[in-house]
Amino acid sequence: AVPRGAGAQLIVDVGANVGQFALAIADAGHDGLCYEASPSTCRQLQVSVAEHEAGHRRRIDGGDAASFSGRRQGKVTVRCVAIGAKAGRTTFGMKSNGRNASFGQVMVGSTSAADAASASVSVSVATLDEELPNASVLLLKTDTQGFDLGVLRGAASLMQSGRVRLLLIEKSHE
């Protein structure tokens with residue numbers, strides 16, 4: 001569950017996928033800043049956030065405001081950029097599961113059928129230190145399929161300054 005506070009606080013989600021966590025951020029009344037490096041997945045994330053915000057407005061405009069009184073809907077901002085140890089560009093191998101894409105390791109010289117379904121994509125990379133030079137962050141969540149150390153290296157100043165209250169690193173075992 002996303003922490004609820006007295007006021008809106010910033011929650012940063014690196015590797016936001018299609019927005020499961022982002023929508024919980026908004027529903028808890030917090031502002032979210034979501035980063036997704038996969039271009040196709042980021043487009044799905046943008047649609048999910050827009051549809052969720054539109055649905056929230058329809059519920060209030062449709063006379064259901066009583067159930068929402070006093071509850072602020074958080075604002076979620078989506079950035080289609082990778083987060084890493086240093087700014088620039090990088091190329092990832094993409095593996096599609098049919099619904100959205102996730103980054104995998106680029107396998108040089110492989111000719112298997114699974115690798116043939118993979119493609120490479122070049123994406124911009126930013127650091128959290130550059131993106132959030134003065135921000136206070138309630139929660140920094142990273143789920144970047146093995147690239148989490150790079151995310152944290154690019155957030156060294158942010159972390160050392162004490163401006164991040166909570167850190168959540170998701171680890172998947174594939």
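Worth pointing out:
- Those residues of segment 151-174 which are open to solvent by 20 Å² or more (accessible area, probe 1.4 Å), over 15 Å from Gly32 (Cβ atoms) and within 15 Å of the chain's Cα centre (by Cα), in sequence order: Leu152, Leu167, Ile169, Glu170, Lys171
- Taking the numbered list (1) at pLDDT below 85; (2) over 30 Å from Ser120 (Cβ atoms) in turn, Ala28 passes all entries but (1).
- Residue within segment 70-80 that is of a type outside the set (Lys, Arg), outside any loop (DSSP other than H, G, I, E, B), under 23 Å from Ala26 (Cβ atoms) and modelled with pLDDT under 80 present: no
- Neighbours by Cβ (under 9 Å, 6+ apart or cross-chain): first from segment 152-163, farther than 14 Å from Val14 by Cα and hydrophobic (A, V, I, L, M, F, W, C); second assigned to a loop (DSSP other than H, G, I, E, B) and open to solvent by 60 Å² or more (accessible area, probe 1.4 Å): Leu158/Pro133
- Checked against (1) modelled with pLDDT under 80; (2) open to solvent by less than 40 Å² (accessible area, probe 1.4 Å); (3) closer than 29 Å to Val123 by Cβ, Lys95 passes all but condition (2).
- Close pairs from segment 125-146: first free of Cβ contacts under 8 Å to residues at least 40 places away in the same chain and closer than 16 Å to Gly162 by Cα, partner surrounded by fewer than 18 Cβ atoms within 10 Å (Cβ to Cβ) and not β-branched (Val, Ile, Thr), Cβ under 7 Å, at least 6 apart: Asp129/Ala156; Asp129/Ser157
- The residues on offer are Ala16, Ala28, Ala22, and the sole one that is in contact (Cβ under 8 Å) with a residue 40 or more places away in the chain and surrounded by fewer than 24 Cβ atoms within 10 Å (Cβ to Cβ) is Ala28.
- Only one entry in Thr127, Thr142 is over 18 Å from Asn17 (Cβ atoms), modelled with pLDDT of 95 or more and open to solvent by less than 20 Å² (accessible area, probe 1.4 Å), namely Thr127.
The values are calculated or read from the model by the stated rules, or taken from the named source; none is laboratory data. What you are looking at is a predicted structure, and each value in this text was computed from that prediction instead of being measured. Cβ: placed from backbone, ideal geometry, glycine included. Neighbour counts: every protein chain shown. Note: areas computed on protein heavy atoms with side chains; ligands, DNA, RNA excluded. Shrake-Rupley method; radii C 1.70, N 1.55, O 1.52, S 1.80 Å.
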